[in-house]
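The values are calculated or read from the model by the stated rules, or taken from the named source; none is laboratory data. Keep in mind the model is a prediction, meaning the values are calculated, not measured. Here the Cβ is made from the backbone with ideal geometry for all residues, glycine too, and neighbour counts use every protein chain on show. Side chains included, ligands, DNA and RNA excluded: accessible areas come from the protein's heavy atoms. Shrake-Rupley method; radii C 1.70, N 1.55, O 1.52, S 1.80 Å.
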Amino acid sequence: MAETNGTAGMEATRRRTQPSANGKTSEQSEEPAQWGRAWEVDWFSLISVIGLLCFAPFIVFYFVMACDQYQCSVSQPLFELLRGETSLLSIWARTASFTWSAAKIYTIWVAFQAFLYMCVPDITHKFIPGYVGGVQDGALTPAGLVNKYQINGLQCWLITHALWYANANFFHWFSPTIIFDNWIPLMWCANILGYAVATFAFIKAYLFPTNSEDCKFTGNLFYDYMMGIEFNPRIGEWFDFKLFFNGRPGIIAWTLINLSYMAKQQELYSQVTNSMILVNVLQAIYVLDFFWNEAWYLKTIDICHDHFGWYLGWGDCVWLPYLYTLQGLYLVYHPVQLSDAHALAVLLFGLVGYYIFRSTNHQKDLFRRTEGSCSIWGRKPTFIECLYRSADGVVHRSKLMTSGFWGVARHLNYTGDLMGSLAYCAACGFGHMLPYFYIVYMTILLVHRCVRDEHRCSSKYGKDWKCYTDAVPYRLIPGVF
Ligand code: NDP
């Protein structure tokens, strides 16, 4: 892949021999905590993994089918099944099946995104002030490596949406309702890709891992398949599975899917409701934020700590595009027109949530980038100094901030994210449960993520983490949790 900021010829991965920016070496006298994902799988984790592998695809199917066959009623199919008025077989018979035209659309979509990702190096960072794109360093991996990434997600998003706009308004190659019209057949294609990617990553970890020192085999096949073995699987130097699958077919699709739902509302009812506009706007802000901050995303848990398996591979291909867009889908079947007061309240709540989410993430990013030499809420930040050790035995230093949003609670970024998520749901009114699935899911995801992250941080930082939790006792809501 061509490079954009003068790093041509540089290897996409390098070993960090000098462990930390502040010059600490491996010859530390203190004994820091060991870092990295669990090596052993307890029974609870194993049962959860098998449960998810078995049920997650059915959850996606259930919601999409409920909209298609039951006007988005979540309870009606269950009641009909219980009363014997329908059967699983008849539900299945009424479900749209795989089609070759959907396969063609999906193949073109994924191939186009892969082309943009691999072959169109970022130029937007050269003329958009403040945007960080081009080749960027990832975080230090447990084995002590630093991967390089080609950050061009914003550019891919802009090109894709410009083409979508040009097609809808000038070229008319395909209908803007194409995604809605093929929604279930496309789901089968997304599943095929999700399982294929996860299986490929699993086999690749055994046969030709990108970096064997960053692989983790627990000895439990289910757990390894689901949670991944390789840390940062790649094909060649630059095709990074995590960055591509999470951002490209999944998150770029999110706003296009919503636009397709909006076009469908227009086609069916000759108008677009304010609720549909709200959902499109609030979710587009979230998506654009993701791509604007793609370089920051390299420092988040997905890239820094999770290994790549079914959880990320299938999740990015199927779970994310199908369940994160349920509000728009619901509004196609139920075109809710909100009162001005309701719409304004939802908009404000969503924007405040977004502000907390973004500012909290920004504070940590600024703090870490400047190693604490910055101003947070007008003051020099306070922090706790920590030590940890990577798998190669090298000791590193880190800092945990105790001021700004990070002094109020340990994960206010999740709280802001949850407020935004609730706003998407509330934009759909109170007629059905289905649009509220998202807030239930996000609460489970982020609370579990919070606990998982803290468990990891506790193993990584040991007693230093305890000092941090003593200084900042609450996780998401001060005084409550
Ligand atoms: P965070 O950005 O909160 O990162 C957690 C890491 O930050 C910790 O592992 C630790 O890493 C470091 N850290 C923790 N406390 C401090 C502190 N006080 N000072 C400095 N560093 C600290 O988590 P995520 O990566 O999970 O989330 C990033 C964002 O993405 C969040 O806003 C979240 O809401 C969002 N998200 C959205 C999802 C969605 O599906 N919509 C899914 C997942 C996340 P270290 O080891 O470096 O010390």
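Using +1 at the Cβ of each Lys and Arg and -1 at the Cβ of each Asp and Glu in the chain, identify which of 333, 44, 86 lies farthest towards the dipole's positive end.
Of 333, 44, 86, it is 44.
Show me, for the range 202-216, the HN-Hα J-couplings you get by feeding each phi into the Karplus relation (A = 6.51, B = -1.76, C = 1.60, θ = phi - 60°), rounded to Hz, glycine and proline as x.
Rounded to whole hertz, the list is 5, 5, 4, 4, 7, 8, 8, x, 5, 8, 5, 5, 9, 8, 10.
Can you compute the charge dipole magnitude of the chain about its Cα centre, using +1 on each Lys and Arg Cβ and -1 on each Asp and Glu Cβ, nothing else charged? Give it in debye, rounded to the nearest 20.
In total the dipole reaches around 640 debye.
Which net charge results for the neighbourhood of residue 458, defined as the other residues with beta-carbon distances under 10 angstrom from its beta-carbon, given Lys and Arg at +1 and Asp and Glu at -1?
Residues close to residue 458 contribute a combined charge of +1.
Just to check I understand the Karplus step: with θ = phi - 60° and J = 6.51 cos²θ - 1.76 cosθ + 1.60, what whole-Hz values come out for the range 381-397, glycine and proline as x?
So the Karplus estimates, Gly and Pro as x, are x, 9, 7, 10, 6, 10, 10, 8, 10, 7, 4, 7, x, 6, 9, 10, 10 Hz.
What is the range 281-387 by shape, rounded, prolate or oblate, if you read a ≥ b ≥ c off the alpha carbon gyration tensor as root eigenvalues and call it rounded for a/c under 1.5, prolate for a/b larger than b/c, and oblate otherwise?
Oblate, because a/c is 1.5 or more while a/b does not exceed b/c.
Please list, in order, the residues from the range 334-372 whose amide nitrogen is less than 20 Å from a point placed 7 Å along the Cα→Cβ vector of residue 440.
Residues 334 fall inside that zone.
Please give the peptides 305-318, 189-202 ranked by average Cβ packing (other Cβ atoms within 10 Å per residue), highest first, as a rough proxy for protection.
305-318, 189-202
For the chain, what does -39500 (n - 2.57) per DSSP helix run (n ≥ 4), summed and divided by total residues, give at 222 nm, in deg cm²/dmol to the nearest 500?
-17000 deg cm²/dmol
On the Cα set of the range 135-194, report Rg and Dmax in Å, please.
According to the Cα coordinates of the range 135-194, Rg and Dmax are 18.0, 51 Å.
Calculate the dipole size of the range 337-481 relative to its Cα centre from +1 charges on Lys and Arg beta carbons and -1 charges on Asp and Glu beta carbons; express the result in debye to the nearest 20.
Dipole size: approximately 500 debye.
Report, to the nearest whole %, how much of the accessible area of the range 99-337 belongs to carbon and sulfur atoms, 1.4 Å probe, protein only.
Looking at the range 99-337 in its full context, I get 71 percent from C and S.
Taking H as built 1.01 Å from N, whose amide H comes closer than 5 Å to the amide H of residue 383, not counting residues under 5 places away?
402
I need the shape label for the range 87-153. Rule: rounded when a/c is under 1.5, else prolate if a/b > b/c, else oblate, with a, b, c from the alpha carbon gyration tensor.
Prolate, since a/c reaches 1.5 and a/b exceeds b/c.
Got the relative contact order for the chain handy, in percent, Cα pairs under 8 Å and 6 or more residues apart?
21 percent
Leaving out ligands and nucleic acids, and using a 1.4 Å probe, what accessible area per residue does the range 253-311 come to in Å²?
30 Å²
How would you classify the range 242-290 from its alpha-carbon gyration tensor, with a ≥ b ≥ c the square roots of the eigenvalues: rounded for a/c under 1.5, else prolate if a/b is greater than b/c, otherwise oblate?
Oblate shape, in that a/c is at least 1.5 and b/c is the bigger or equal ratio.
Show me, bin by bin at 20 Å from 0, the whole-percent P(r) of the chain based on Cα pairs.
P(r) for the chain, in whole percents per bin: 21, 57, 20, 1.
Gain in length, residue 79 to residue 43, computed as 0.36 nm per residue apart minus the alpha-carbon separation, to one decimal in nm?
9.6 nm
For residue 384, what is the net charge nearby, where nearby means another residue's Cβ is under 11 Å from its Cβ and Lys, Arg count +1, Asp, Glu -1?
Summing Lys/Arg as +1 and Asp/Glu as -1 gives 0.
Could you tell me how far the Cα centroid of the range 71-135 sits from the Cα centroid of the range 217-239, in Å?
The two parts, judged by their Cα centres, are 23 Å apart.
Is there a pair in 216/364; 148/399; 104/148; 204/463 whose C-alpha atoms are over 26 Å apart, and which pairs would that be?
Violating the 26 Å Cα-Cα cut-off are 216/364; 104/148; 204/463.
As I understand it, the dipole of the chain uses +1 on the Cβ of Lys and Arg and -1 on the Cβ of Asp and Glu, about the Cα centre. Which of 280, 205, 465 lies farthest toward its positive end?
About the Cα centre, the residue reaching furthest to the positive side is 465.
Rounded to the nearest 10 Å², what accessible area does residue 375 have for a 1.4 Å probe in the complete protein model?
70 Å²
What per residue convex hull volume, in Å³, do the alpha-carbon atoms of the range 99-337 yield?
For the range 99-337, the hull spanned by Cα atoms encloses 132 Å³ per residue.
Which one, 395, 480, 347, is farthest towards the positive end of the dipole of the range 339-480 when Lys and Arg carry +1 and Asp and Glu -1 on their Cβ?
395
Using a simple spin-label model with points 7 Å from Cα along the Cα→Cβ vector, what separation in nm is obtained for residue 469 and residue 385?
2.4 nm
For the range 352-448, just run the numbers: alpha carbon Rg, then divide by 2.2 N^0.38 Å, N being how many residues it has.
1.39
Based on the mean of other Cβ atoms within 10 Å per residue, sort peptides 274-281, 327-334 so the most packed one is first.
Per-residue Cβ counts within 10 Å, averaged per peptide and sorted highest first, yield 327-334, 274-281.
Suppose R0 equals 22 Å; then what is the FRET efficiency for residue 167 and residue 107 from their Cβ-Cβ distance, rounded to the nearest 0.05?
Efficiency for this residue pair is about 0.80.
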